[in-house]
C-alpha cells in the first residue's frame, strides 16, 4: 500500500512539474519570443497593418476595405439603401465592407462572395446597375465615362468581400469627380493616385493596384492642408 501511494505521489509530482515547465515554455516564453520577433521584424503587419492619417490617428487596416457613404437619413432604417459619398474615391462593390464616412470607427457587417453564377439574373442586373452608376456618378462638365472603359472590379465584388484595392484605371475614372467635388485641380488628384499606386509584386506577380483607404486618407490630409478661401 505504501509503495502504491509513493508511486502515485511520484507520478503526480512529475506530472505537476511537467505541467509547470510546459506552461512556462508554451504559455509564456514561446508567445513572448514570437511576439518579440514579430514586433522587431514585421511590426506593421503584426499590429494589423494599420493606416494612420497625418495626425497619427488609426483609420483602419490596409487589408480590409471600407465603404464611403453618406449618413443615413434614418439611422434606424436597416433597409435604407446606402448612398455613396462622392467626395471620396469609391471601392469595388461589396456587401462585406464596413461603412466609413472617413471616420475612425466603422462596422463590418459580413464578408463573402455572392456565390451567384455568371448567368444569374440578379447578378447581371447588379452589374448593369453598378456600371450605370459608375457612368453617372463620375460624369463631370469636362469628363464623360465610356461604359467600355469601366474595369471589372468597379462593378463586381471580390470573393472575400473585403478587397481594399481597385485598379489604377478605376481610380483614374474617379479623379475628375473627386477633384470637382473637393474643388481641387485634376492634376493634383491624379498625382495623389500615382503616389498611391502599387506595382506588381516582385515586378511580375499580380496587377498594379490602389488601396482605397490609403488613397482617401491621403486625400483627407490634402484637404485639411488646403488653404481656406
Checklist outcome for this item: Mean-square fluctuation maximum in Gaussian network of the chain, Cα pairs under 10 Å, restricted to 17, 177, 45, hits 17
Item to check | Rg/Rh (Cα only; Kirkwood hydrodynamic radius) as it applies to segment 1-61 | outcome: 1.47
Checklist entry - For segment 132-229, what's the radius of gyration and Dmax over Cα atoms, in angstrom? => result 14.2, 45
Checklist entry - Which angle between 0 and 90 degrees, to the nearest 10, do you get for helix 186-195 versus the longest principal axis of the chain when only C-alpha atoms count? => result 20 degrees
Checklist outcome for this item: With Cα coordinates, the longest principal axis of the chain makes an angle with the long axis of helix 168-181, in degrees rounded to 10, of 60 degrees
Checklist entry - If contacts are Cα pairs under 8 angstrom and at least 6 residues apart, what is the relative contact order of the chain in percent? => result 19 percent
Checklist entry - Evaluated at 20 °C with a viscosity of 1.002 mPa s, what Stokes-Einstein diffusion coefficient in µm²/s does the chain have when Rh comes from the Kirkwood expression over alpha-carbon pairs? => result 102 µm²/s
Checklist outcome for this item: Longest principal axis of the chain (C-alpha) makes with the long axis of helix 2-24 (C-alpha) an angle, in degrees to the nearest 10, of 30 degrees
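A short reminder: the numbers here are calculations on the coordinates, not readings from a lab. Because the structure is a prediction, the values reported are computed rather than measured.
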